[in-house]
1. Show that you can apply the helix-only estimate: for the chain, add -39,500 (n - 2.57) for every DSSP H stretch of four or more residues, divide by all residues, and state [θ] at 222 nm to the nearest 500.
2. Using alpha-carbon pairs under 8 Å, 6+ residues apart, how would you state the relative contact order of the chain in percent?
3. Go through Gly64, Leu164, Leu19 and say which Cα lies farthest out towards the positive end of the charge dipole of the chain; charges sit on Cβ, +1 for Lys and Arg, -1 for Asp and Glu.
4. For the residue pair Glu24 and Leu148, what label-to-label distance in nm results when each label sits 7 Å from Cα along the Cα-to-beta-carbon direction?
5. Give the dimensionless ratio obtained when the Cα radius of gyration of the chain is divided by 2.2 N^0.38 Å.
6. For the stretch 27-143, what log10 I(q)/I(0) values come out of the Debye formula at q = 0.09, 0.10, 0.16, 0.20 1/Å, with one point per alpha carbon and no solvent?
7. Set the Förster radius R0 to 30 Å, insert the Cβ-Cβ distance between Leu87 and Ser186 as r into 1/(1 + (r/R0)^6), and round the FRET efficiency to 0.05.
8. Find how much the distance from Ile175 to Met58 grows on full extension, using 0.36 nm per residue of separation minus their present alpha carbon separation; answer in nm with one decimal.
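Laboratory data are not the source of any read-out in this text; all were calculated from the coordinates shown. It should be emphasised that the depicted structure is a prediction, and the values quoted were computed from it without experimental measurement. We place every Cβ from the backbone using ideal geometry, glycine too, and count neighbours over all the protein chains shown.
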Amino acid sequence: MSPIRILICDDHFMVRQGLATYFELQHDFEVVGEAADGRQAVEMTRTLAPDVVLMDLMMPGLDGLSALRELKGTGAKVIMLTSFLDLEKAMACIEEGALGFLTKDIEPADLVDAIRAVHRGEPRLHPEVMKRLMVRTAQPHQPSKRDLLTPRELDVLRALAHGLTNREIAERLVISETTVKTHISSILSKLQLTDRTQAALWAVREGLVDD
């Protein structure tokens, strides 16, 4: 199995070096580059094509959120890291496609687990960010679109939110991969989403992953 290719972006050299040293101890990780700011992270992502970008939120010049916006379409999955939890910025990052939003006081082993999960397509969010998502979902002026989906589409969406591939979803639901792709296209259309990452985050907000 190919290692998870990781790009580390942080404006502090010691942070980058510390993370890189720890990640290199993981048998399934490969640190492909280190970026000192958002602009460099965007350029290196386009050149090196990492699987996961670990992005500092607050940086001089191009900050993490702005860099995240420019990474759309690259295929890289992004985890935002921050020293101070700002829930509004966290929501903005999630809306822009970040699959992870964590604080820098996270235990190293938990960060490693989060990277593996995000690589599989599973969101990993700080508990307070998850709570805010659930509160937003509960607001009466934000009706759920769940009723637009068929029972089978909900099954596919739950599996997708758990990071399963199309083949794994097909095997779990005993349907063809073509049918899975058709369901995913229908889900994205009904929910007005652009990709499976956004669909996975929507499923988390709706509480479908625990249904």
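1. On the way: 10 runs with 106 residues, N = 211.
Helices in the chain give a 222 nm mean residue ellipticity of -15000 deg cm²/dmol.
2. Details: 324 pairs, mean separation 30.7, N = 211.
Contact order relative to length: 15 percent.
3. Most positive-ward Cα: Leu164.
4. Result for the modelled spin labels: 4.8 nm.
5. Details: Rg = 17.3 Å, N = 211, 2.2 N^0.38 = 16.8 Å.
Rg over 2.2 N^0.38 Å, computed on Cα atoms: 1.03.
6. Rounded to two decimals, the profile gives -0.23, -0.29, -0.73, -1.11.
7. On the way: r = 32 Å, r/R0 = 1.08.
Taking R0 as 30 Å, the efficiency between Leu87 and Ser186 is 0.40.
8. Going from the current span to full extension adds 37.6 nm.
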